[in-house]
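The values are calculated or read from the model by the stated rules, or taken from the named source; none is laboratory data. Since the structure is predicted, the reported quantities are computational estimates derived from the model, not experimental observations. Cβ sites come from the backbone with ideal geometry, for glycine too, and all protein chains shown count toward neighbours.
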Amino acid sequence: MNLANSMRILLVEEEAHTAQYLRKGLVENGFAVDVMGMDAGGFCIPQQAEYDLLVCDVPPGSGGLSEFRRGGQDAPVLFLSDRDSIPQTIAGRAADSYLLKPFAFSDFLARVRGLLRWGGSLSQMTPHVAGLELDLVRHRAMRDGRRLDLTPKEFLLLSLLMRKTGEVLSRAFIADQVWEINFESNTNFVDVHIRRLRSKVDDPFPQKLIHTVRGMGYVLEER
């Protein structure tokens, strides 16, 4: 399954070179992208347009985002900003996640794919299992009050396991959902990444949460 197929993204960015860079990268990864600038009053989205994701660099006080929601658009919203105040203002602006500038395009793409795969209202969700907690807005993982240093892909992998808590996930399903690749049964690609994730999520703690189900795959659950 190719997540990008037919996915339409609206990119609202005040810096022209940043907009061009992000649009080029998204298009190369198969997304349809519309770019919109801003004026002093913010931005205005055409009522007939429908998007799967809004990526938005919104200065304080600008309009457009609330109208996006009131217009019936329930697509997730990703903020791009170099301001440290974003975590405090994100809920009031109806956004679902944020990314602070400067950032690597790989991190940006991982965040985009995560939002598209799991949909809106991420700001309302903080999954937790037995002391393991994900902050899907700030892209942070904690266990027993300790911050886990995860790569973007490790965060997506852990997010998948936690959203499917108690469900056994096949290696093919994991490879498709996290890496969008077809899994070959004669490789240990997924096993290697699960092992790395376990080294951060399970190894430092007495209770193990990520379990192997022989011949089937992996499951995250409290035992």
What pairs can you find where one residue is in segment 1-20 and on the phi < 0 side of the Ramachandran plot and among the basic types (Lys, Arg), the other is at pLDDT 80 or above and not in a strand (DSSP E or B), and their Cβ atoms are less than 8 Å apart, with a gap of 6+ or different chains? Arg8/Phe31; Arg8/Tyr51; Arg8/Asp52
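For the subset of segment 196-218 comprising residues that are basic (Lys, Arg) and under 22 Å from the mean Cα position of the chain (by Cα), which member is farthest from Ala175 (Cα to Cα)? Write out each step before concluding.
Filtering segment 196-218 for residues basic (Lys, Arg) gives 196, 198, 200, 208, 214.
Now narrow it down to the ones that are under 22 Å from the mean Cα position of the chain (by Cα): 196, 198, 200.
Numbers: Arg196: 15, Arg198: 17, Lys200: 20 Å.
Here the residue is Lys200.
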Name the residues in segment 128-152 that are within 16 Å of the chain's Cα centre (by Cα), part of a strand (DSSP E or B) and hydrophobic (A, V, I, L, M, F, W, C), would you? Leu134, Ala141
Take the residues in segment 135-151 that are at pLDDT below 85 and crowded, with 19+ Cβ neighbours inside 10 Å; name whichever of them is nearest to Ser199 (Cα to Cα). His139
Filtering segment 153-211 down to residues that are in a loop (DSSP other than H, G, I, E, B), touching a residue at least 12 places away in the same chain (Cβ under 8 Å) and among the charged types (D, E, K, R) yields Lys164, Glu167, Glu180, Lys208
